[in-house]
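See below for the structure under consideration.
The values are calculated or read from the model by the stated rules, or taken from the named source; none is laboratory data. All values reported here derive from a predicted model rather than from experimental measurement. Positions of Cβ are generated from backbone atoms using ideal geometry, with glycine treated the same way; all protein chains shown enter the neighbour counts.
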Amino acid sequence: MNWLFPAVPLRRLALFRTMVYLYVVIDVLWLQTSGWYHGYADPVWYEPLRMGQLLHLPAATVPLVNTLKWGSVAAALVAATGRLPRLAGSVVAICWIWYMYIAYAYGKVDHDRGDFVIALLLLPTVGSAFAQARWGRTADGRDILSQAGGFVLRAVQIFAIATYFLSAWAKVRFGGWDWVNSATMARAVVRRGTPWVKWLLDAPWLLQATQWALFAAEMASPLIFLASERWRRRIVYAWFAFHAVTYASITIAFWPHLVMLLAFLPLEQYADRGKPSSAASVVL
């Protein structure tokens, strides 16, 4: 049980929270904008996803998408400061999730946002702790340790790794072993490849080896929870490097998932580099 509720510095969650909510603003305004123009779509094209069926969500309209879009932005800016953490965080979760639902109810559903949804749903649960110590420190500079905050980070970690593992499982479940044995990567390079990776089309064996390496890495991803803290950080850095190479090669990036990987890192230590540190802490 302690593994699921580790006592972590509240500052770590405060920094993570700020990055999450600032990403919401970037995502809604610049990265995932299809939810906005779906408000102009004819309702005949609306096919409710499972969430829409359960909650009886209506087709998108211009007033609805504008409310969700700007509601997400306004609430996220408030929540990023640590003010009204429960109220603002809840508004962000409702508006952003609904806005993303609209974006995907008219086409394909991306798989890089499941762990981000978990973060938005759980961050408001630590509202009282944020109210007691803004940025996770007491007036005399001591760190506050929070098991509630630790649970949020652990849950995000679990779902972030599940994104990798279930992605590998889905590859063979829906694509069969041909996903790793055929020209999957070659097709991606032909369709989306940047100039500096086009030469790989002349080495198809290397692309196929990459498919197997990616599949193996995704299947082995849960082992990160057995690694030491030092190696866990190195694994996360390796995943960041993988995503950087992927984007540079075929311009595909899982932006919200990359934010979720930050849950593995000691963010407060990075923030403290070059500053005097104190070993004192208070358990909350």
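Observations on the model:
- For segment 159-183, a residue qualifies if it is among the charged types (D, E, K, R) and either out of contact with any Asp or Glu (no Cβ under 9 Å at 6 or more places or on another chain) or closer than 15 Å to residue 224 by Cβ (or both), and the qualifying residues are 173, 178.
- Yes/no for residue 63 being more than 21 Å from the chain's Cα centre (by Cα), over 19 Å from residue 119 (Cβ atoms) and either touching a residue at least 60 places away in the same chain (Cβ under 8 Å) or part of a helix (DSSP H, G or I) (or both): yes
- Residue check, residue 188 within 18 Å of residue 254 (Cβ to Cβ) and surrounded by 12 or more Cβ atoms within 10 Å (Cβ to Cβ): yes
- Of the residues 30, 98, the single one that is within 20 Å of residue 258 (Cα to Cα) and among the aromatic types (Phe, Trp, Tyr) is 30.
- Looking only at residues of segment 62-92 that are of a type in the set (Val, Ile, Thr) and in contact with a Phe, Trp or Tyr (Cβ under 7 Å, 6 or more places away or on another chain), we find that the one that is farthest from residue 125 (Cα to Cα) is 62.
- Comparison of 7, 41, 59, 74 shows that the only residue that is in contact with a strand residue (DSSP E or B) (Cβ under 8 Å, 6 or more places away or on another chain), surrounded by fewer than 21 Cβ atoms within 10 Å (Cβ to Cβ) and of a type in the set (Gly, Ala, Ser) is 7.
- Qualifying residue in segment 46-53 (condition: free of Cβ contacts under 8 Å to residues at least 60 places away in the same chain, polar (S, T, N, Q) and loosely packed, with under 13 Cβ neighbours inside 10 Å): yes
- The helices (runs of 4 or more DSSP H) found wholly in segment 171-284 and carrying at least 1 residues that are within 30 Å of residue 145 (Cβ to Cβ) and modelled with pLDDT of 90 or more occupy 229-250, 255-261, 267-272.
- Residue-level check: of (1) within 19 Å of the chain's Cα centre (by Cα); (2) exposed (fewer than 14 other Cβ atoms within 10 Å of the Cβ); (3) in contact (Cβ under 8 Å) with a residue 12 or more places away in the chain, residue 259 misses just (2).
- Subset of segment 105-126 (residues that are over 17 Å from the mean Cα position of the chain (by Cα), surrounded by fewer than 21 Cβ atoms within 10 Å (Cβ to Cβ) and of a type outside the set (Val, Ile, Thr)): 106, 107, 108
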